[in-house]
Amino acid sequence: MLDPKEILTTLSDRFATTGKVQNVFGEPIEAHGRTIITVAQVKYGLGAGGGGENKSGQEDAVGGAGGGGGVNVSPMGVLEITEAGTRWIPFFDPKATARLIVAGIAIGFLLRRALRWR
């Protein structure tokens, strides 16, 4: 039976090969006197567990172990480098905008309800 610590070590070693700088900062693109570097956010999640009972005292006792993980890569924007300087150009994130709108509406309803009870 694999130890949960061994499973996490194996998973983290596999993710370490994908967690390179090129995954966060893309290869620079040069055109028209500008250098563009794409930037992404990389998130990793790992989990493992194991268990079992050895009531009989034998080495081949019933038990189990498992593990898993995931990677999420989201483009964030680009760095534009020119002779005049460097600037950050963020990408539009419709999910984040939708969350902000929903949160604003919810806060508006809560404030309205709170002010109505006064």
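Subtracting the Cα-Cα distance of Phe15 and Leu115 from their residue separation scaled by 0.36 nm leaves 30.9 nm.
Take the Cβ atoms of Asp93 and Glu27, set R0 to 22 Å, and the FRET efficiency comes out at 0.45.
3J(HN,Hα) along region 93-100: 10, x, 5, 5, 5, 4, 4, 5 Hz, from the Karplus curve 6.51 cos²θ - 1.76 cosθ + 1.60 with θ = phi - 60°, whole Hz, x for Gly and Pro. Between Ala106 and Ser74, the FRET efficiency from the beta-carbon distance, with R0 = 35 Å, is close to 0.90.
Read the figures in this text as sums done on the coordinates, not as results from a lab. Predicted model, so just to flag it, every value in this text is computed and none were measured. Every residue, glycine among them, receives a Cβ derived from its backbone with ideal geometry; neighbour counts consider all protein chains shown.
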